[in-house]
1. What 222 nm value per residue comes from the helices of the chain, counting each DSSP H run with n ≥ 4 as -39,500 (n - 2.57) and dividing by all residues, nearest 500 deg cm²/dmol?
2. Taking region 81-197, how much of its Cα-Cα pair set, in percent, is spaced more than 26 angstrom apart?
3. Over the chain, give the accessible area per residue in Å² for a 1.4 Å probe, as an integer.
4. Which of the pairs Lys178/Lys266; Lys206/Lys233; Lys233/Lys260; Lys178/Lys233; Lys206/Lys322; Lys195/Lys295 have their Cα atoms more than 31 Å apart in this structure?
5. Using the alpha carbons of the chain, what is the convex hull volume per residue in cubic angstrom, as a whole number?
6. At a threshold of 8 angstrom on Cα-Cα distance, excluding pairs fewer than six apart, so keeping six or more, what relative contact order does region 44-145 reach in percent?
7. Give me the distance in nm between label points sitting 7 Å out from Cα along the Cα-to-Cβ direction at Lys304 and Gln132, one decimal.
8. Hey, how many Å between the Cα centroid of region 284-339 and the Cα centroid of region 185-202?
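The values are calculated or read from the model by the stated rules, or taken from the named source; none is laboratory data. No experiment lies behind these values; they were computed from the predicted model shown. So basically every Cβ, Gly included, is an ideal-geometry build from the backbone, and we count neighbours across all protein chains shown. Quick note on the areas: whole protein, heavy atoms, side chains included, nothing else; ligands and nucleic acids left out. Shrake-Rupley method; radii C 1.70, N 1.55, O 1.52, S 1.80 Å.
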Amino acid sequence: MSQHIKILGIESSCDDTSASVICDGFLLSNVVASQSVHESYGGVVPELASRAHQQNIIPVVHEALKRAGISKDELSAIAFTRGPGLMGSLMVGTSFAKGFAQALRIPIIDVNHLQAHVMAHFIKEEGAENRQPDFPFLCLLVSGGNSQIIKVNAYNDMTVIGQTIDDAAGEAFDKCAKVMGLPYPGGPVVDRLAKSGNPKAFAFSKPHIEGYDYSFSGLKTSFLYTLRDELKKDPDFVEKNKEDLCASLQSTVIDILMEKLKRAAKDTSIKQVAVAGGVSANSALRQAFHDYAEKYGWDIFIPKFSYTTDNAAMVAITGYFKFQDKDFCELSAPPFARTNL
């Protein structure tokens, strides 16, 4: 048996089936099968998602091992997303990981999906710069389901110091995009249209929440009312102002996110600041991180685009750290739909 630690990561928390192989912290492969079936429904349909995972998981794992250039018998352990996520989707990944690990007689490692997003910053690649944040650092985790400010003390010691009390930032993008008649998922479409719009064209309400917590429901309502009032005057209002609406919405969401993050960085005196999760692919949010870094002397960490959305590389790297601590999981451990860090 080789002394190298080779971890197979499996991610199936929502609608992407992904498998990845990491060897001694370095990425060997990261394969993602996305599901286009949900686009016509304007959102992820859980039943269809779990069926697609069942079809995808074996080909995706096979492809990940093939691209990594290793055989299944060389694996040290299998790491899998145990939650949070859609229960039916998680069941597919969890069951596969358990069965495969039993057949290979190797341990399984359960991974928290939110922790994995933060740990994406520790994936190393051959020939890359591989800058990693030092502990403690702050991480803004923003996705369709989460908006959190996390103080990361160690890979296995993370404290959520601020989080959304209602909608997540990604959800606000998707729902506002939907009322404008834009396709799902709305976030990337808003990002694209915002590039040619004026971010100061419309003013939407910003919440006043204590501490580092977020709220996006008021912004969503204010966006909705603006559309409602303007459409009464001009039925073509959305079509004529699409770019400006997207730019103003995006600018407001990012202001809300960055304002709290700035306060948290100041209060904790932490200068190392990272971003993670699906919304970290947003070009204006990435730019805001660079602007704040320049203005406040932050040392920033922005993930590669392939590590922003759900992927198994982040699961495998978390598994790699847990493997070294022999932090394994019982075969009886069930998946969970909801949790915090």
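1. Working: 9 runs with 144 residues, N = 341.
Calculated from helices alone, the mean residue ellipticity at 222 nm is -14000 deg cm²/dmol.
2. On the way: 2837 of 6786 pairs.
Of all Cα-Cα pairs in region 81-197, 42 percent lie more than 26 Å apart.
3. Details: 15220 Å² over 341 residues.
On a per-residue basis, the chain sits at 45 Å².
4. Numbers: Lys178/Lys266 36 Å; Lys206/Lys233 25 Å; Lys233/Lys260 36 Å; Lys178/Lys233 21 Å; Lys206/Lys322 40 Å; Lys195/Lys295 23 Å.
Those over the limit are Lys178/Lys266; Lys233/Lys260; Lys206/Lys322.
5. Working: hull volume 45.0 nm³, N = 341.
Cα convex hull per residue, to the nearest whole number: 132 Å³.
6. Numbers: 80 pairs, mean separation 25.7, N = 102.
For region 44-145, the relative contact order is 25 percent.
7. Here the modelled spin labels are 1.6 nm apart.
8. 26 Å
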